[in-house]
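The values are calculated or read from the model by the stated rules, or taken from the named source; none is laboratory data. Keep in mind it's a predicted model, so treat the numbers as computed, not measured. Note: ideal-geometry Cβ built from the backbone for every residue, glycine included; neighbour counts use all protein chains shown.
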């Protein structure tokens, strides 16, 4: 739920609680807690407790409404156990129409004036650009302005990463993408808090003149003070801005496609993790363009943020807020249930996989054909790397004794293979996507540190 909160995911949690007569009394019942709803309030946008059975439909309806209006957050409805056992007469009210807020006309006019005065415009797209469905309008805006597009991890897919204007999630301290950002005189930021992790504690060299668009008024001014804010839906704002620029006949060409290609090539050449990049290239070849890759908290996901090109919104799902270990397998199964005709692949580390490997049971039970790629180095690699750098290679609690994952799959009657090269991985994923069952693909790897 915390992960959903930080990533603006509309997740509804309906939870039982102790009977009303014992609620919050710590009377020695099972699952006693002093304030269950109080635990949930900091990680939800809406939290409510039913005190009568007839309240339940209204509370659930309000929970759905809260997730659809403004910034999406999880919603929580708590129902004491005795209410769940009651019968009650009630009516379910029809759903109320909801809409996202669009930009004010004067805000669009101010943005158009700022763009007209600028020479070199860059666009930064965060998760809000993806969740709002702003991809098509952002591409149109970027093309009109000749503006390179840099994304956050959650913003990957806001523009196809093989588009000539895309620089993906390639910014790192001191690299060519940073040089390009520093040379811009205006940034348009859509749906991003420009957070501490993504900007490396605000080291990303964004230009002083900045227009920030965010549906959440508490986020739109964080970390980098903007010269203009637009509190509105990212898609509606990008559409309105592109239309206004078209009407005014304003276009720009701050960088050529060749300039951007050189920047991209230089950033990739200097980026870390080159020794394992061929495995990501193999995954990209095996997964269709519209296929979904679900990454866990693992070094290969961090590397994929830089080196795995994403071509469409919502085809890259990763836990960037709480860095939840074990996220990928259940999330991939959920994605497959939601989009049964779309190829879905889970990418996990050996440590993270063991947080939720019991999900293999429902994967087999419901025949969910998801390839589960386990990058296996018998280590919590990110922590071990940190200990190597900071503590002179004195390691504590980072080396793992793993099961044989191929034999584990066999215990479930599940296909499995060990892929010991990028070519073998590509072949294994391609074969797995043709099955009607999940497949474990165990990939031994090593890191240089």
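Within the group 20, 71, 24, which residue is more than 30 Å from the chain's Cα centre (by Cα), outside the structural domain of residue 145 (by TED's automatic domain parsing), in contact (Cβ under 8 Å) with a residue 40 or more places away in the chain and surrounded by 12 or more Cβ atoms within 10 Å (Cβ to Cβ)? Can you show your working first?
Numbers: 71 fails: more than 30 Å from the chain's Cα centre (by Cα); 24 fails: in contact (Cβ under 8 Å) with a residue 40 or more places away in the chain.
The unique qualifying residue is 20.
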Against the definition (in a strand (DSSP E or B), under 24 Å from the mean Cα position of the chain (by Cα) and touching a residue at least 12 places away in the same chain (Cβ under 8 Å)), how does residue 5 come out, yes or no? no
Where in the stretch 124-240 are the strands (runs of 3 or more DSSP E), entirely inside, with at least 1 residues that are touching a residue at least 40 places away in the same chain (Cβ under 8 Å), touching a helix residue (DSSP H, G or I) at 6+ places or on another chain (Cβ under 8 Å) and over 28 Å from residue 10 (Cβ atoms)? 166-168, 186-190, 228-231
Could you go through the stretch 338-353 and let me know if any residue there is touching a residue at least 40 places away in the same chain (Cβ under 8 Å) and more than 19 Å from the chain's Cα centre (by Cα). yes
For the stretch 96-119, what are the residues that are surrounded by 19 or more Cβ atoms within 10 Å (Cβ to Cβ) and either touching a helix residue (DSSP H, G or I) at 6+ places or on another chain (Cβ under 7 Å) or at pLDDT below 95 (or both)? 103, 108, 111, 115
Of all residues in the stretch 241-255, count the ones that are assigned to a loop (DSSP other than H, G, I, E, B) and free of Cβ contacts under 8 Å to residues at least 60 places away in the same chain. 1
Scanning the stretch 195-243 residue by residue, those surrounded by fewer than 19 Cβ atoms within 10 Å (Cβ to Cβ), out of contact with any strand residue (DSSP E or B) (no Cβ under 7 Å at 6 or more places or on another chain) and under 21 Å from residue 143 (Cβ atoms) turn out to be 243
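Please enumerate the residues belonging to the stretch 290-303 that are touching a strand residue (DSSP E or B) at 6+ places or on another chain (Cβ under 6 Å), within 14 Å of residue 352 (Cβ to Cβ) and outside any loop (DSSP other than H, G, I, E, B).
Hits for the stretch 290-303 are 294, 295, 300, 301.
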Going by what's in this entry, would residue 323 be described as within 15 Å of residue 295 (Cβ to Cβ), assigned to a loop (DSSP other than H, G, I, E, B) and within 20 Å of the chain's Cα centre (by Cα)? yes
